[in-house]
1. Note down all Cβ pairs under 9 Å where the first residue falls in segment 215-241 and is closer than 21 Å to LEU144 by Cα, the second is open to solvent by 20 Å² or more (accessible area, probe 1.4 Å) and of a type in the set (Lys, Arg), and they're at least six residues apart or on different chains.
2. Based on this model, can you work out whether ARG30 counts as assigned to a helix (DSSP H, G or I), of a type in the set (D, E, K, R), modelled with pLDDT of 90 or more and surrounded by 15 or more Cβ atoms within 10 Å (Cβ to Cβ)?
3. Consider only pairs whose beta carbons are under 7 Å apart and that are at least six residues apart or on different chains; among these, list those whose first residue lies in segment 128-154 and is closer than 16 Å to ALA168 by Cβ and whose second residue is among the charged types (D, E, K, R) and modelled with pLDDT of 80 or more.
4. Give the number of residues within segment 110-129 that are open to solvent by less than 20 Å² (accessible area, probe 1.4 Å) and closer than 25 Å to THR154 by Cβ.
5. Restricting the search to segment 73-109, which residues are surrounded by fewer than 24 Cβ atoms within 10 Å (Cβ to Cβ) and touching a strand residue (DSSP E or B) at 6+ places or on another chain (Cβ under 8 Å)?
6. Taking VAL272 as the residue in question, decide whether it is out of contact with any Ser or Thr (no Cβ under 7 Å at 6 or more places or on another chain), within 22 Å of ILE87 (Cβ to Cβ) and in contact (Cβ under 8 Å) with a residue 60 or more places away in the chain.
7. State yes or no: is GLY79 small (Gly, Ala, Ser) and either modelled with pLDDT of 90 or more or assigned to a helix (DSSP H, G or I) (or both)?
Amino acid sequence: MSAHPAHPALAARARRPLDRLRVLGGGRLRSACLVLLVLFVLVALLAPWLTPQDPTFGRLGDTLLGPSADHWLGTDQGGRDTLSALIAGTRTSLAGPLAVVVFSTVLGTAVGLFTAWRGGWIDAMAGRVLDILFAFPALLLAILAVALFGKGMTAPVIAMAIAYTPYAARLVRGLAVQEKARPYIAAYRVQGHSALFVTVRRMLPNIAPTLLAQSTVNFGYALLDLAALSFLGLGVQPPTPDWGAMINQGQAAVLQGQPLSATAPAVAVVLVVVAFNVVGENLGDRLAGRDS
C-alpha cells in the first residue's frame, strides 16, 4: 500500500519549526562571530594599554610557569607573560592579513575592471597572466620572497598580496562583464561619459558588496598563511609578539606540561579564521538572496 503525499500546506507547516531553528541558529552564530571580530579588533587597537606586562621582557626565573595571579596564562620558555604576548600579538597578527587583503583587493579590482571594460586581446592576455599566478600558492611565493629578501613581515606580505590578487581580479572581472551588459551602462556610454566614470562611479558600487564578502573570507585565509609562515620561523621574528611565532616557541612548553603558551595563540588563530569565514560566507549568501 503506497503512502499518500503530504498536503503542501501541511508539509510547509511541518518545515516551519526547522526553518526557524536554522535561521535562529545561523543568526546566533553570525552575531557571535561579529562580536568576536569586534573584540579582537578592539584588543588590537588597545593592545599597548591592555597588556598587563611587557610582552617582550622575560625573567629567567619565571620560565614556563603555570597560570597564577601574576601570569593568568603562565609564561613561555623565555619567562615572558603569555597573556601579554597574546594581546600584543593580536595587532601584528591582524595587521599583516589586512595589508594583504587591501593591496590585493585594490590591485585586483583595477585589473578586473580594466580588462572587463576593454575586452578583446587585453582581456585574453590578462586571463593568461592570472592563470599563471593561480598556479603558485600564496605560501610558496611568500617563502620564495623570504629566501630572496630575508625574514620579516614586509616581503611575505607583498608576495602574498600578489598571490591573492588573481582571486580578486577574476571575481571583479566576472561581475564587471555582467554589469557591462546591462542597459544602464549602454545609456551612460551613449551620453558620452568616460570609461573611468562609468566603471568607478557606476559599475564598481554595484559589485562592491560581493567583493567585500570575498575579501572578508580572504582575510581569514591570509591570516592562516601568515601564521603558518611565522610558525616556520620565516615571518615575524622574536621578540616581536606574533601568534604563529608563539605557537612555534610553545612547542617545547607543551612537552614540559605547560601547553597554554602554544594552545592560547592557536585557539586565537582558529577563532579569528572561523569568524571571518562565517561572516564572509553569510554576507555572500545574503547578497545572493540565500538568507541564513
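The values are calculated or read from the model by the stated rules, or taken from the named source; none is laboratory data. Remember, predicted model here, so these are calculated numbers, not experimental data. Glycine gets a Cβ as well: all are built from the backbone with ideal geometry, and neighbour counts include every protein chain shown. SASA here: full protein model, heavy atoms, side chains in, ligands and nucleic acids out. Shrake-Rupley method; radii C 1.70, N 1.55, O 1.52, S 1.80 Å.
1. GLY233/LYS151; LEU234/LYS151; GLY235/LYS151; VAL236/LYS151; GLN237/LYS151
2. Working: assigned to a helix (DSSP H, G or I): yes; of a type in the set (D, E, K, R): yes; modelled with pLDDT of 90 or more: no; surrounded by 15 or more Cβ atoms within 10 Å (Cβ to Cβ): yes.
Considered against the rule, which asks whether it is assigned to a helix (DSSP H, G or I), of a type in the set (D, E, K, R), modelled with pLDDT of 90 or more and surrounded by 15 or more Cβ atoms within 10 Å (Cβ to Cβ), ARG30 comes out as no.
3. As it stands, the answer is LEU130/ARG170; ALA138/ASP225, since those pairs meet every condition given.
4. Looking only at that region, the number is 0.
5. Once the filter is applied, which keeps residues that are surrounded by fewer than 24 Cβ atoms within 10 Å (Cβ to Cβ) and touching a strand residue (DSSP E or B) at 6+ places or on another chain (Cβ under 8 Å), segment 73-109 yields only LEU73.
6. Details: out of contact with any Ser or Thr (no Cβ under 7 Å at 6 or more places or on another chain): yes; within 22 Å of ILE87 (Cβ to Cβ): yes; in contact (Cβ under 8 Å) with a residue 60 or more places away in the chain: yes.
Judged against the criteria, VAL272 is a match.
7. Working: small (Gly, Ala, Ser): yes; either modelled with pLDDT of 90 or more or assigned to a helix (DSSP H, G or I) (or both): no.
It is false that GLY79 is small (Gly, Ala, Ser) and either modelled with pLDDT of 90 or more or assigned to a helix (DSSP H, G or I) (or both).
For (1) out of contact with any Gly (no Cβ under 7 Å at 6 or more places or on another chain); (2) of a type outside the set (A, V, I, L, M); (3) assigned to a helix (DSSP H, G or I), each residue gets a yes or a no:
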position: GLY112; (1), (2), (3): yes, yes, yes
position: LEU133; (1), (2), (3): yes, no, yes
position: ALA145; (1), (2), (3): yes, no, yes
position: VAL157; (1), (2), (3): no, no, yes
position: ALA161; (1), (2), (3): yes, no, yes
